[in-house]
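*Asks:* Attaching a single structure in structure tokens format; questions to follow.
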Amino acid sequence: MDTSEEPKVIVQDAYKKSGQKVTEAASVDPNRGLSDEDVIERREKYGANILEEQKKRAIWQILLSQLNNPIVYLLTAAAVLAFIFEDTAEGIAILIVLVLNAIIGFWMEYKAQKSMEALKKMDKIKSNVLRNGNKSTIDAEELVPGDILVVEGGDLIPADARILETTELNVDESPLTGESVPVLKSPDAHSGEKPIADRTNILYKGTAVTGGTGKAVVVGTAMQTELGSISAMVGEEEKDKIPLNRKLGELTKTLIFMTLGLATAFFLVGWIAGEEVYQLVQTSIAWIIAAIPEGLPIVASIALARGMLHLAKKNVIVKKMEAVETLGETTVIFTDKTGTLTKNELTVRTLFFPDDVRMEVDWENKGQPVLKELEKHEGNENFHHFRKISVLANDATLGIDETKSEDKGESIGNDEEAGLEGAKSQGDPLEVALLQFAYKYDQDFFNESRKSDRKLHDPFDSEAMVMGSVNTDGDGLYVAGKGAAHAILDRSSQVLYQGDIRDLTDEDKAYWDSKNDELADEGLRVLAFGFKIIEALPEGEEAEDFLRELVFIGLAGFIDPPRKEVAEAISICHDAGIKVLMVTGDHAGTAKNVAGQLNFFNSEDDGNHAIVGADLKDELADENSSKVARTHIFSRVDPSQKLQLIKYFQEQGEIVGMTGDGINDAPALKRANIGIAMGKRGTQVAQEVSDMVLKDDAFGSIVEAIKHGRVVFGNIRKFITYQLSYHLSEILIIALISFTLFVLPILPLQLLFLNLLSDVFPALALGVGAGDSGIMKKEPKDPNEPILSKKNWWQIALYGGIMTVCTCGAYFYAHFVWDESEEITNNVVFFSMAFAQLLHVFNMRDPHENILNNQVTRNKYIWMALAFCATTLVAAYFIPAVSDVLSFQELEPRIWVLIIITSLLPLVIIQSLKFATKKF
């Protein structure tokens with residue numbers, strides 16, 4: 001029988017079936033596990049438990065990609081033509097430019113690839129399984145469908161498995177679903193269809209056990225897990241061509257048509273005039289070669305490479321150079337909530353006590369909790385008991401040595417200062433949050449309460465929904481309990497109200513049930529608290545159920561708090577005209593709470609409603625609805641729905657950036673124009689498919705990256721405008737003089753020398769400029785706008801025309817008025833063009849900028865480039881060997897005066913136009 005056609009999942013829809021039916025279908029005894037023979041047979045059938053990894057680009061592929069560029073094609077053709085017509089010097093020079101361009105691009109992308117490899121976790125995951133009736137530890141990749149997994153707190157889940165037994169098993173599924181709170185798992189079967197996030201009887205590959213223990217049967221391995229499905233979805237997605245590559249390609253076509261058109265026109269006019277055909281062909285080809293901006297690809301590469309290096313210093317790894325510019329075009333940012341906007345750790349957010357005393361906890365004071373309303377209720381007994389219960393009725397441990405913390409007097413500042421790093425704390429996240437609050441608020445009280453001896457303990461029970469303890473308290477005993485609001489209220493008979501203990505009526509319970517619902521609707525996870533003081537330790541049946549007749553003291557709301565730098569970053573995005581959208585697998589209430597704290601909505605009419613994943617398909621299908629476009633929060637969405645959203649906005653013409661760290665983010669990260677993964681908390685899958693990785697996981701780094709992307713694009717546009725305007729003047733000068741006198745006013749080798757100076761050094765200095773300080777106050781440019789706008793083409797035509805008129809005027813004046821030789825007029829054109837081109841860099845300031853204090857004049861690299869180029873020109877004139885090769889002549893002072901006037905005149909005219917019109 002051909003096993004390749006058999007289903008790779010051993011049990012279909014395992015979450016709908018009982019544990020017994022699943023083990024029977026998997027042909028495994030849950031108490032003994034598989035035999036060695038079973039394992040061998042199933043490994044042959046199902047393969048190793050390894051995901052198919054994306055193929056890493058080989059070194060030769062990275063190198064080859066640097067040559068896959070229209071400009072490179074054009075320059076390669078120019079080099080070939082140069083060698084054919086024995087213009088060896090120019091051919092070699094162009095090849096040098098191509099090699100340098102390839103080396104720069106290769107090196108930057110190779111370094112980025114190596115940085116990505118350094119981020120990957122190399123440790124192999126181990127798994128505990130039952131095989132042959134014995135518990136053993138194996139490599140996770142050796143798991144096969146039907147294996148019996150044994151899991152406990154701290155384990156990473158190595159495969160998809162149907163749960164058979166649990167003891168308070170909690171699993172962090174945030175990498176897969178975006179759910180910020182660990183999920184309490186159960187072996188009970190579900191009826192009907194359930195989304196992934198609600199299948200509480202399934203363990204998913206890539207998630208982590210935060211507490212409790214459990215046993216489960218493996219139903220899917222490798223690519224047949226939910227993680228594998230996402231990985232396959234990633235492989236199917238294709239990314240649109242990077243805008244910069246597309247736009248440079250379009251620009252190249254324009255340049256080709258322009259130069260070929262002008263060359264053809266020159267040839268036809270000369271042929272009609274009776275000039276020698278061979279001379280016309282050779283001159284036309286030499287003219288085309290000389291007219292190509294040889295420095296364009298290398299300057300663009302260096303500008304982008306410098307952008308990569310700049311962002312690397314800001315903890316941003318950009319994997320492809322062109323992605324730097326695409327960042328600047330971003331119009332929409334899709335961001336996951338858990339771990340991206342938030343810290344991915346629960347904290348106490350709200351306290352609600354009787355007499356409507358609601359205290360909001362502010363953690364912005366160096367990580368120390370500040371209660372905003374506490375000063376109005378000094379000595380509040382409810383708050384005192386809340387802190388005491390938080391410490392006593394708690395099975396978690398902090399990431400500190402509590403036995404030494406009192407002697408050391410540890411700081412109560414931020415987590416690092418206080419030693420409260422979430423990775424070191426153990427236990428249920430809600431209990432860890434309570435301990436962190438108590439510790440940071442009053443360390444002495446925390447230490448004193450922690451010393452109390454525990455006499456009885458009632459661990460959390462998923463049916464009773466409460467937990468508690470009996471501890472020594474002076475001469476008596478203190479009973480501390482916490483749990484779900486309805487459970488604590490049912491077990492309470494009294495309430496602590498303004499320092500007095502009163503009876504808790506049915507009306508009171510109904511009131512507090514409604515308050516619990518209000519806090520839950522705000523997206524908070526809610527616990528209730530109660531206590532009582534007794535004299536004797538309970539015994540017998542009373543000891544089994546001592547959480548009775550409690551004094552209710554209030555509620556506490558928990559939330560995964562926003563990262564403090566995110567609000568400012570989102571505000572900057574609003575100013576920059578960038579829409580920020582939250583796309584999460586979490587509940588709408590939680591998402592809205594986080595969005596409200598981060599000022600997600602920049603105006604009242606933006607609509608702060610959320611669209612739930614279940615409703616998304618209908619909303620996207622309704623062509624008359626604009627709700628999706630106006631919505632800022634998309635909750636309970638799965639990976640395929642994230643893809644739908646990305647595609648929807650891309651079809652609207654948006655350039656989409658997608659941030660995320662989870663497995664569930666990977667397909668969308670790949671599809672987005674710019675995929676942005678987290679480096680610290682990000683999964684390997686997310687990092688591999690993204691375009692850039694934030695090593696510090698800071699959302700603010702995205703703003704810096706977008707800002708620099710805008711600066712890079714502005715710089716690229718500036719130096720292309722700079723290059724093409726004087727290249728146009730070169731073409732027009734050659735055309736005008738050649739069409740009238742049929743002589744070359746400047747030799748090809750002179751043009752090559754001049755272009756290699758101007759095309760590289762001043763243009764490069766423009767390419768690494770700091771940019772406009774107010775660039776993040778402007779709306780994003782139209783993504784469909786070409787690399788050169790109509791305004792830029794008008795500038796190129798105007799600048800080129802002015803330089804052409806001035807230079808040709810000098811040529812004709814020297815030729816007709818002074819009757820200078822062709823050699824002298826050649827030098828007049830060369831040096832007039834040379835210095836005019838160098839000074840032309842100052843015309844690249846924005847019209848609104850001051851003529852003396854602007855981006856160009858503040859750029860130190862501009863002054864360095866001008867000094868170098870001017871020195872090179874002077875040295876070339878005075879060094880005999882170089883002067884002879886370039887056909888330089890000894891020039892009289894009056895010739896130099898003419899050259900100086902001709903060089904300065906374009907600068908004066910263009911700056912006057914900029915000052916007068918504020919347009920050019």
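*Asks:* Of everything in the range 155-170, what is within 21 Å of Asp139 (Cα to Cα) and buried (at least 21 other Cβ atoms within 10 Å of the Cβ)? Give them in sequence order.
*Replies:* Asp155, Ile157, Pro158, Ala159, Asp160, Ala161, Arg162, Ile163, listed by residue number.
*Asks:* Here is a further query. Could you pull out the residue among Ile851, Ile899 that is of a type in the set (A, V, I, L, M, F, W, C), open to solvent by less than 30 Å² (accessible area, probe 1.4 Å) and in contact (Cβ under 8 Å) with a residue 40 or more places away in the chain?
*Replies:* Ile899
*Asks:* Can you pull out every residue in the range 638-654 that is modelled with pLDDT of 90 or more and among the hydrophobic types (A, V, I, L, M, F, W, C)?
*Replies:* Leu645, Ile646, Phe649
*Asks:* Across the range 764-781, what is the number of residues that are in contact (Cβ under 8 Å) with a residue 60 or more places away in the chain and outside any helix (DSSP H, G or I)?
*Replies:* Count: 9.
*Asks:* Provide a single number: the residues in the range 862-907 that are under 45 Å from the mean Cα position of the chain (by Cα) and under 22 Å from His848 (Cα atoms).
*Replies:* Looking only at that region, the number is 4.
*Asks:* Find the residue count for the range 12-41, including only residues that are touching a strand residue (DSSP E or B) at 6+ places or on another chain (Cβ under 8 Å) and of a type outside the set (Ser, Thr, Tyr).
*Replies:* 13
*Asks:* Among residues belonging to the range 420-477 that are among the aromatic types (Phe, Trp, Tyr) and touching a Leu at 6+ places or on another chain (Cβ under 9 Å), point out the one that is modelled with the lowest pLDDT.
*Replies:* Taking the candidates together, the pick is Tyr441.
*Asks:* Report, by residue number, each residue of the range 884-893 that is free of Cβ contacts under 8 Å to residues at least 40 places away in the same chain and in a helix (DSSP H, G or I).
*Replies:* Of everything in the range 884-893, those that are free of Cβ contacts under 8 Å to residues at least 40 places away in the same chain and in a helix (DSSP H, G or I) turn out to be Asp884, Pro893.
*Asks:* Out of the residues in the range 911-920 that are open to solvent by 40 Å² or more (accessible area, probe 1.4 Å) and of a type in the set (Lys, Arg), state the one that is farthest from Tyr722 (Cα to Cα).
*Replies:* Checking each candidate, the answer is Lys918.
*Asks:* Continuing with this model, one more query. Of the residues Ser493, Ser469, which is within 30 Å of Thr167 (Cβ to Cβ) and hydroxyl-bearing (Ser, Thr, Tyr)?
*Replies:* Result: Ser469 is the single residue among Ser493, Ser469 that is within 30 Å of Thr167 (Cβ to Cβ) and hydroxyl-bearing (Ser, Thr, Tyr).
*Asks:* Looking at the range 441-457 only, could you name the residues that are open to solvent by 80 Å² or more (accessible area, probe 1.4 Å) and in contact (Cβ under 8 Å) with a residue 12 or more places away in the chain?
*Replies:* Asp444, Asp453, Arg454, Lys455
*Asks:* Moving to a separate point now. Taking into account only those residues within the range 572-602 that are in contact with a helix residue (DSSP H, G or I) (Cβ under 6 Å, 6 or more places away or on another chain) and among the β-branched types (Val, Ile, Thr), which is surrounded by the fewest Cβ atoms within 10 Å (Cβ to Cβ)?
*Replies:* Ile572
*Asks:* Just a yes or no: is a residue in the range 819-833 within 16 Å of Tyr722 (Cα to Cα) and in a loop (DSSP other than H, G, I, E, B)?
*Replies:* No - not one qualifying residue is present in the range 819-833.
*Asks:* Regarding Arg710, is this residue modelled with pLDDT of 85 or more and either part of a helix (DSSP H, G or I) or not acidic (Asp, Glu) (or both)?
*Replies:* The answer is yes for Arg710.
*Asks:* Restrict the check to the range 308-315 and report whether at least one residue is at pLDDT below 75 and either over 30 Å from Leu736 (Cβ atoms) or assigned to a helix (DSSP H, G or I) (or both).
*Replies:* no
*Asks:* With the requirement that a residue be of a type in the set (A, V, I, L, M, F, W, C), surrounded by fewer than 24 Cβ atoms within 10 Å (Cβ to Cβ) and under 26 Å from Met223 (Cβ atoms), what does the range 171-188 give you?
*Replies:* Val183
*Asks:* Moving on to the next point. Suppose we filter the range 734-755 for residues that are open to solvent by 10 Å² or more (accessible area, probe 1.4 Å) and of a type outside the set (A, V, I, L, M); how many remain?
*Replies:* 5
*Asks:* Moving to a separate point now. Are any residues in the range 631-676 in contact with a Phe, Trp or Tyr (Cβ under 6 Å, 6 or more places away or on another chain) and surrounded by 24 or more Cβ atoms within 10 Å (Cβ to Cβ), and if so, which ones?
*Replies:* Across the range 631-676, the qualifying residues are Val656, Met658.
*Asks:* To continue, here is another question. Take the residues in the range 531-571 that are closer than 30 Å to Ala705 by Cβ and hydrophobic (A, V, I, L, M, F, W, C), then tell me which one is most open to solvent (accessible area, probe 1.4 Å).
*Replies:* For the range 531-571, the residue satisfying everything is Ala567.
*Asks:* If I go through the range 458-509 residue by residue, how many of them are surrounded by 13 or more Cβ atoms within 10 Å (Cβ to Cβ), over 46 Å from the mean Cα position of the chain (by Cα) and not hydrophobic (A, V, I, L, M, F, W, C)?
*Replies:* Total meeting the criteria: 14.
*Asks:* For Val908, are the conditions met, namely being part of a helix (DSSP H, G or I), more than 15 Å from Leu798 (Cβ to Cβ), open to solvent by 60 Å² or more (accessible area, probe 1.4 Å) and of a type outside the set (S, T, N, Q)?
*Replies:* no
*Asks:* Kindly provide the set of residues from the range 139-167 that are over 36 Å from the mean Cα position of the chain (by Cα) and charged (D, E, K, R), ordered by number.
*Replies:* Asp147, Glu165
The values are calculated or read from the model by the stated rules, or taken from the named source; none is laboratory data. Here the structure is a predicted model, which is why all the values come from computation and not from measurement. When we count neighbours, we look across all protein chains shown, and the Cβ atoms used for this are built from the backbone with ideal geometry, even at glycine. Quick note on the areas: whole protein, heavy atoms, side chains included, nothing else; ligands and nucleic acids left out. Shrake-Rupley method; radii C 1.70, N 1.55, O 1.52, S 1.80 Å.
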